[in-house]
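Below: one structure, written as structure tokens.
The values are calculated or read from the model by the stated rules, or taken from the named source; none is laboratory data. Just so it is clear, the model here is predicted, and its values are computed rather than measured. All Cβ positions, even for glycine, are placed from backbone atoms using ideal geometry, and neighbour counts span all protein chains on display.
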Protein chains: 4
Amino acid sequence: MRSYEVKNRTSTDDIKALRLITAIKTPYLPDGRFDLEAYDDLINMQIVQGVEGVIVGGTTGEGQLMSWDEHIMLIGHTVNCFGGSIKVIGNTGSNSTREAIHASEQGFAVGMHAALHINPYYGKTSLEGLISHFDCVLSMGPTIVYNVPTRTGQDIPPRVIHALAKSPNLAGVKECVGNDRVKQYTDNGIAVWSGNDDQCHDARWNYGAMGVISVTSNLIPGLMRELMFGGKYPSLNLKLMPLIEWLFHEPNPIGLNTALAQLGVARPVFRLPYVPLPRAKRVEFVNIVKEIGREYFVGDKEVEVLDDDDFILIGRY
Amino acid sequence: MRSYEVKNRTSTDDIKALRLITAIKTPYLPDGRFDLEAYDDLINMQIVQGVEGVIVGGTTGEGQLMSWDEHIMLIGHTVNCFGGSIKVIGNTGSNSTREAIHASEQGFAVGMHAALHINPYYGKTSLEGLISHFDCVLSMGPTIVYNVPTRTGQDIPPRVIHALAKSPNLAGVKECVGNDRVKQYTDNGIAVWSGNDDQCHDARWNYGAMGVISVTSNLIPGLMRELMFGGKYPSLNLKLMPLIEWLFHEPNPIGLNTALAQLGVARPVFRLPYVPLPRAKRVEFVNIVKEIGREYFVGDKEVEVLDDDDFILIGRY
Amino acid sequence: MRSYEVKNRTSTDDIKALRLITAIKTPYLPDGRFDLEAYDDLINMQIVQGVEGVIVGGTTGEGQLMSWDEHIMLIGHTVNCFGGSIKVIGNTGSNSTREAIHASEQGFAVGMHAALHINPYYGKTSLEGLISHFDCVLSMGPTIVYNVPTRTGQDIPPRVIHALAKSPNLAGVKECVGNDRVKQYTDNGIAVWSGNDDQCHDARWNYGAMGVISVTSNLIPGLMRELMFGGKYPSLNLKLMPLIEWLFHEPNPIGLNTALAQLGVARPVFRLPYVPLPRAKRVEFVNIVKEIGREYFVGDKEVEVLDDDDFILIGRY
Amino acid sequence: MRSYEVKNRTSTDDIKALRLITAIKTPYLPDGRFDLEAYDDLINMQIVQGVEGVIVGGTTGEGQLMSWDEHIMLIGHTVNCFGGSIKVIGNTGSNSTREAIHASEQGFAVGMHAALHINPYYGKTSLEGLISHFDCVLSMGPTIVYNVPTRTGQDIPPRVIHALAKSPNLAGVKECVGNDRVKQYTDNGIAVWSGNDDQCHDARWNYGAMGVISVTSNLIPGLMRELMFGGKYPSLNLKLMPLIEWLFHEPNPIGLNTALAQLGVARPVFRLPYVPLPRAKRVEFVNIVKEIGREYFVGDKEVEVLDDDDFILIGRY
């Protein structure tokens, strides 16, 4: 048996077949290091409830607050412990082409099944520069390109995606611009995952999306699975809207971090610049949980409001 | 003599007094490392033509493409060689609070006179998070806060700036939102530098700005000095508009990198994801130089169009 | 299934049971990066010929020339591709306690089965310091302590080993001081692997050693397996002596690197400060291979002398 | 003024002229980061008492426990604050040629006056490898080569030094092998600094050494200056022997770290693997200080024994 047969066990088509991918939360110890035991529990809950893939160190998982060695370690750890049960997609993108190349090489070397790549946020570049950037990493393995102009300051226009689609490694696009853009791609045979939980039901059932790369599924993986697998289900979609609105009231993952602490599945430790939602919002969350049903949420402790003093905010770690 | 007297030789008021600060270009060797000899020449030209400060490793200087050790080394190098002649402002900001803390400590330790701090781009945070982020670094020394929502995806609203202004270390704001916002601050005694070269003349003379943090001054430091020191000068301002429009046709520093290579003062080496402007644009630049006058631009070689093959694009460095 | 059951699949006793462990070579691409395809082939050859464990990034594997992120990536890669077939022991030791802690945490997180720990070479410390150093990492998982005073400048005396042996995680000692020292430990129930290929036969069969952590087994894994598994075999031992002497004529891994290039299983690329053996020594190696029999050596190309020009020496990578 | 005139303000001859160089201690805050205020005070005391140069981040300064960015920052900081009053020699050596190249480039870029380079400890190499290693860094600026086989496990033989002496950048050798070796070099016009405080008086006055790179001068800079500048002074030399013996009773800088804490000029914070000398030895130090005279030692607090609980030992920092 040659090792590369092991390594390349995931094809681009395997990635395209995923309907429900969670942008997994990274939980922390009180000193700011990764809490791998809590992390492993979170991943296990995802697997048990039918999630098919995880984004490791996405914006939700706070890859932007990791050193690269932490980031690659977390990818390797996830592959090592769970790679047989769930697809591991490493967010090895960067606004620095050098870093994107280096991290993607390392991520694939430690066994990740696919890479998520963002366009160069903040620094930005020309369309030619965008294509050059993605071309440097596309050859390495299955790749999802991520478009979120409200974070990056720059839209990836269809022209660029169509250029990249010539590569057999382009699995598809995580698209946050809206369902009309989704349709533009799915009409042309390009796989899309909705990057907006509030639009993902419609994206999946009305606009041809493969599924969703979800934040909300950190909390209610089973219900999100129903939304992506169970056929059109507008009543469930409607029922989840208050939760989704609550989650994105402040920039993600502020809401998610607060919620997972309240559910007792992650310590109430925040790496700055993230800070918890204020008390009033935490009370709201308890009500939302009761409305939907505690049993649909991860963990089995009672949901708590938590005091301001319960939270630990860390700048040096 | 106690060393901290040496270190703290620059007060916040010294920084506030600066009218013309250049966001200096970082030139590269063909293998992608810093070309320190070219860099030193660029800084010398700035000093000779009356520029009072430099931003080291700003977005223009491609701090986003540097490792932190490269970045701090460049700050230390600039202080060591030129710190007596020009104020050295290190862009030690980051979307990671940890990195901003670490880089700012190191930058002040190697002698930088002030820090430039951005809000957490891409990852973003709540307003409370923004204030917590800046509070972690403000205590270290004179600080300029940088607002450029088209890059960061998030405006720093006046409410946040007013909160930060309670610190004696806040030197002021580099503001890119426009001159109405500039006036909001200057009316309240907060120092502002325009971050938009096309608006800086009006910002300075009509809206109370202290001056400009400029990209264009990499090319024509003497003319930019006239614009900031010589009183209202609308005809000069108008004359420079074609150059400024050309420079920002694509995301900065693509235009600047292309121009400095054409002027023969930096090697035509690009760190990806930046790529040079296309040939047609390079021809345009030659004409713009002739229109304004070669003698106003840095360097003394003839301005060239350059062939596509003259450029080296580097992903691994 | 809880993830930690997966992670802790290797007990200290599993490690103690290993007879033949190879300190595996790290091969390079012409630009100095890891040549993972060649590496995978090398590991496969080890597995096929009965080697039971590998030291990743040992002194033989030039861990001292790796950045830590390269090093952890290589451990994670090896676990990911081969962890089911061979025990992966990461050399996560360092003369800096901080680095040893950090690397060991990361190495176990990505699935290594055991750690190899050296005493603080070059910097050295007191015996109390030695114990404090090892105590920081022993709690993390199965651990082999490595004593090689000719490299470290400081012997780890039995007193220290006996103190560490109170931890259930101490798998044993890789000992290079000689077989009398080996016996001191094996008489007291402490597992030992010989760190000297020329002494390992006697260590195993006359002094109670568990086996060997071998350099030579990179070249002749099958014969080394016979030496460790086949009972006393002095004639084979004698037959291998010229090879072993040749290998250690200059500081390891200079000989090994030269030999593997000559056998055509690794590119002739050296990271400085290592340089190939001179031509006369390379001729000698060809003769040694013929004497022992090419079929016992890894690879299937003809063994070559190689010209000086065939070698690439790299300082920046 | 061209910047490189500023940068290259120190010639190799300037370095050769130094008689008393201190391998300066790095003091720490309770969380393990550098205590730059204490450091600055230490350097000031050195300057005031006539020391002419410092080794930054030597083995005494625990460069082996620093990340490279910390190390370069400390060099840049020292140049920035004290570069006009004392020569700053950065220990930018490494057993990895890549690291030695990178650190030396950065160190000279931030203004260090000379580099100290060790041979590749622990990993070791052939004599040809040694020469290749040093050749990679010698071209960058004035260089002192450091030979200390009891730490590195490998002597740098005269043959290698003579080969390196062809470079105009070789300032000389810090030699720890003994005064006969010193004489071998000084007879041939190669500058030598003794690396052994107990031999430095004789090295200087009987064996032709330029002076000393001293540990003891951290404690008694004025007396060490007398020893190097005042002509033969055997009675002073003899008087200092008990202190020097005490200092090197355990591997340096264990004694020095303990002593500086007892003198109240550095916090009693140790980065592992270093731990303080035991109480009995600390009592001895108090007596030694009284014997020589408190006024000759740095600081002005009373010398204390300190309790075991006063010391903070740190593994993660």
Problem - Residue list for the stretch A:156-177, restricted to those being in a loop (DSSP other than H, G, I, E, B) and within 18 Å of the chain's Cα centre (by Cα) - result: A:CYS176, A:VAL177
Practice task
Determine whether B:ASP180 is within 16 Å of the chain's Cα centre (by Cα), farther than 20 Å from B:ALA114 by Cβ, of a type in the set (D, E, K, R) and not in a loop (DSSP other than H, G, I, E, B).
Solution key: no
Fill in the blank from the handout: Taking the stretch A:240-276 and the residues there that are assigned to a helix (DSSP H, G or I) and polar (S, T, N, Q), the one that is nearest to A:VAL215 (Cα to Cα) would be A:ASN257
Practice task
Tell me, yes or no, whether the stretch D:56-70 has at least one residue that is part of a loop (DSSP other than H, G, I, E, B), among the hydrophobic types (A, V, I, L, M, F, W, C), more than 23 Å from B:ASP40 (Cβ to Cβ) and within 14 Å of chain B (Cβ to nearest Cβ).
Solution key: yes
Fill in the blank from the handout: Among helices (runs of 4 or more DSSP H) completely within the stretch C:72-155, the ones holding 1 or more residues that are buried (at least 24 other Cβ atoms within 10 Å of the Cβ) and within 14 Å of chain A (Cβ to nearest Cβ) are C:97-109
Practice task
State whether one or more residues within the stretch B:28-40 are more than 10 Å from chain D (Cβ to nearest Cβ) and under 30 Å from D:ILE43 (Cα atoms).
Solution key: no
Fill in the blank from the handout: Within the stretch A:293-314, the residues that are in a loop (DSSP other than H, G, I, E, B), out of contact with any strand residue (DSSP E or B) (no Cβ under 8 Å at 6 or more places or on another chain) and not charged (D, E, K, R) are A:GLY293, A:PHE297, A:VAL298, A:GLY299, A:VAL303, A:VAL305, A:LEU306
Exercise for the section: Report, by residue number, each residue of the stretch A:161-204 that is under 24 Å from A:GLU226 (Cα atoms), free of Cβ contacts under 8 Å to residues at least 60 places away in the same chain and of a type in the set (Gly, Ala, Ser). Expected result: A:GLY178, A:SER194, A:GLY195, A:ALA203
Exercise for the section: Among the residues of the stretch C:253-268, count how many are more than 20 Å from C:GLY293 (Cβ to Cβ) and surrounded by fewer than 21 Cβ atoms within 10 Å (Cβ to Cβ). Expected result: 1
Exercise for the section: Within the stretch D:39-68, count every residue that is on the phi > 0 side of the Ramachandran plot and buried (at least 24 other Cβ atoms within 10 Å of the Cβ). Expected result: 1
Practice task
Check whether at least one residue in the stretch D:228-239 is at pLDDT 95 or above, part of a helix (DSSP H, G or I), of a type outside the set (Lys, Arg) and touching a strand residue (DSSP E or B) at 6+ places or on another chain (Cβ under 9 Å), and report yes or no.
Solution key: yes
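Matching residues to (1) under 23 Å from C:SER94 (Cα atoms); (2) polar (S, T, N, Q); (3) touching a residue at least 60 places away in the same chain (Cβ under 8 Å):
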{"position": "D:THR10", "(1), (2), (3)": "no, yes, yes"}
{"position": "D:ILE43", "(1), (2), (3)": "no, no, no"}
{"position": "D:GLN46", "(1), (2), (3)": "no, yes, yes"}
{"position": "D:GLU52", "(1), (2), (3)": "no, no, no"}
{"position": "D:GLY57", "(1), (2), (3)": "yes, no, no"}
{"position": "D:THR60", "(1), (2), (3)": "yes, yes, yes"}
{"position": "D:PHE82", "(1), (2), (3)": "no, no, no"}
{"position": "D:LYS87", "(1), (2), (3)": "no, no, yes"}
{"position": "D:ALA103", "(1), (2), (3)": "yes, no, no"}
